[in-house]
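Report on the following structure.
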Amino acid sequence: MNTPIAIIGSGMAGLSAAHALTAAGLCVQLFDKSRGSGGRMASKRSEVGDLDLGAQYFTARDRHFVDIVQQWQENGWLAEWKPALYQSHGGQLSLSPDTQLRFIGVPRMSALTRNLLGELPATFACRITEVFRGEQHWHLVDATGQSHGPFSKVIVAVPAPQAAALLSAAPKLAASVASVAMEPVWAVALGFDKALDTPVEGCFVQDSPLDWLARNRSKPGRASRPDTWVLHATSAWSRQHIDLAPEAVIEQLRCAFAELIGCAVPEADFSLAHRWLYARPAHAHQWSALADADLGLYVCGDWCLSGRVEGAWLSGQEAARRLLEHREHNS
Ligand code: FAD
Ligand code: NAD
């Protein structure tokens, strides 16, 4: 019997591992606490259109990732994003063009992970709280107390602080994962019925509560009206204001935006705030993936590598590679 492999987390890392394992002829079962796949490559459906609140775009530098990105582009799941790119230093806004290729899911960022999910078996709205090994197989328990299994192996593909809690079966692994700190980010979306009078479409920001801003209508496939923007606060500001009410976060970041954008910014006609508790790893690691291969427990995620979409995909590939290698070795 081909006992399935459980994958906890259906963000880019979990989906990457799932693809590699199914391509090798193995069965997988994905679990995610959210109502859909994608994790931090999320897009929020709103009255002003889809808003990419997490990952804004991604780059491809690794040769294998470049190849897969090309395939996704040929499938029509991705487009290149070529914004009028600016930077802001000490309140000075300047054009900052470059030749970097940047990709986005179309018509929203989450469309890419939705396409990657395809027909893979997945259980959503299912927060896994316990991962334990019986005599022969693994079992999972969710937040409602329901158990799932049996599974031959488990891949944990969630942010490090959430992964550590699921690794009590492998204390050494749990200790390494628990040492990884992740930083928060407040994201705010603003919508203006009358378009702002600025050529800016994307901006890397320094010396401000803001770190980044993007204009949605510059992204292929997005609605052009109203004029919606996504602002990301720095992790330092987000940490300091972690418990601030969303309305206050919106107001403070709107003011920071108005200060740097160089045109009149009226009250927004639409606004929302989203707090990412585990947005990015505090420090870079070069782990690719972690495992207790003899036990059959694997861990992957962006935090094992670059803290970016590319790192998440590579980490999922590596977890799957190590699982397949161990399986081959022991067959
Ligand atoms: P995630 O996407 O976090 O996936 C983990 C999944 O696990 C989630 O779906 C979650 O619901 C699920 N989960 C967690 N715990 C449990 C549990 N107990 N049981 C079941 N399911 C669980 N990267 C870039 O390359 N470019 C960018 O511009 C960029 N901007 C970003 C901006 C922000 C605000 C944020 C937050 C991230 C950004 N990133 C960016 C990073 C990028 O989004 C991540 O690197 C990547 O999406 C991480 O994928 P992942 O699969 O490792 O984790
Ligand atoms: P990238 O090459 O576009 O950017 C990397 C970094 O280089 C930028 O953060 C910026 O500081 C700088 N940079 C690049 N082009 C620039 C330009 N034209 N002018 C001025 N500065 C420029 O993309 P990447 O390496 O794939 O990184 C992805 C992006 O994702 C980064 O901006 C990173 O900060 C962001 N990210 C954000 C979070 C979060 O939680 N907010 C998490 C992970 C990654």
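A short reminder: the numbers here are calculations on the coordinates, not readings from a lab. Here the structure is a predicted model, which is why all the values come from computation and not from measurement. Methodologically, a virtual Cβ is constructed for each residue, glycine included, from the backbone with ideal geometry; neighbour enumeration extends over all protein chains shown.
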query: Ranked by Cβ crowding within 10 angstrom, fewest neighbours first, how are L272, L30 ordered?
result: L272, L30
- request: Would you please state which residues of the stretch 193-214 a label at Q92 would reach in this model, taking the label point 7 Å out along Cα→Cβ and a backbone N cut-off of under 17 Å?
  value: 204-208
field: Beta bridges by DSSP in the chain, antiparallel share as percent, to the nearest 5
entry: 75
- prompt: Under 17 Å from the Cα of K33, which aspartates and glutamates turn up, not counting those fewer than eight places away in the same chain?
  reply: E130, D142
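Taking the Cβ of L26 as the centre, find all other residues whose Cβ is under 11 Å away and add up their charges (Lys, Arg: +1; Asp, Glu: -1). Please list the in-between numbers first.
Details: positive: K153, R327; negative: none.
Charge balance near L26 sits at +2.
Using Cβ counts within 10 Å as a stand-in for footprinting exposure, how do R63, R40, R280 rank, fewest first? The partial results should precede the final answer.
Numbers: R63 7, R40 21, R280 18.
In increasing order of surrounding Cβ atoms, one gets R63, R280, R40.
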query: Using a simple spin-label model with points 7 Å from Cα along the Cα→Cβ vector, what separation in nm is obtained for A282 and S218?
result: 3.3
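Estimate the FRET efficiency between Q100 and A258 by the formula 1/(1 + (r/R0)^6), using the beta-carbon distance for r and 22 Å for R0, to the nearest 0.05.
Values: r = 28 Å, r/R0 = 1.26.
Efficiency for this residue pair is about 0.20.
May I ask for the percentage of alpha-carbon pairs in the stretch 97-227 that lie more than 20 Å from each other?
Values: 5656 of 8515 pairs.
Here the tail beyond 20 Å accounts for 66 percent of pairs.
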- request: Could you calculate the FRET efficiency of D292 with R35 from 1/(1 + (r/R0)^6), where r is the beta carbon distance between them and R0 is 35 Å, rounded to 0.05?
  value: 0.70
query: When the C-alpha atoms of the chain are aligned to their principal axes, what extent does each axis show, in angstrom, from largest down?
result: 66, 42, 34
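Test of understanding: what is the full-extension gain from D62 to N330, defined as 0.36 nm times their sequence separation minus their Cα-Cα distance? Write down the numbers at each step before the final one.
Values: separation 268, 0.36 × 268 = 96.48 nm, distance 3.03 nm.
Contour length minus Cα-Cα distance gives 93.5 nm.
Please get the size of the charge dipole for the chain, origin at its Cα centre, with Cβ charges of +1 on Lys and Arg and -1 on Asp and Glu, quoted in debye to the nearest 20.
Taking the Cα centre of the chain as origin, the dipole is about 360 debye.
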- request: May I ask which residue of F31, A20, L51 lies farthest towards the positive end of the charge dipole of the stretch 1-56, with charges of +1 (Lys, Arg) and -1 (Asp, Glu) on Cβ and the Cα centre as origin?
  value: F31
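Between F132 and A79, what is 0.36 nm times their sequence separation minus the Cα-Cα distance? Round to one decimal in nm. Intermediate values should be presented prior to the final figure.
Numbers: separation 53, 0.36 × 53 = 19.08 nm, distance 4.13 nm.
Computed gain between F132 and A79 is 14.9 nm.
Counting other C-beta atoms within 10 Å, which of D67, D98, D269 has the fewest, and how do the rest follow? Display every interim value, and only then the final one.
On the way: D67 11, D98 7, D269 14.
Fewest-to-most Cβ neighbours within 10 Å comes out as D98, D67, D269.
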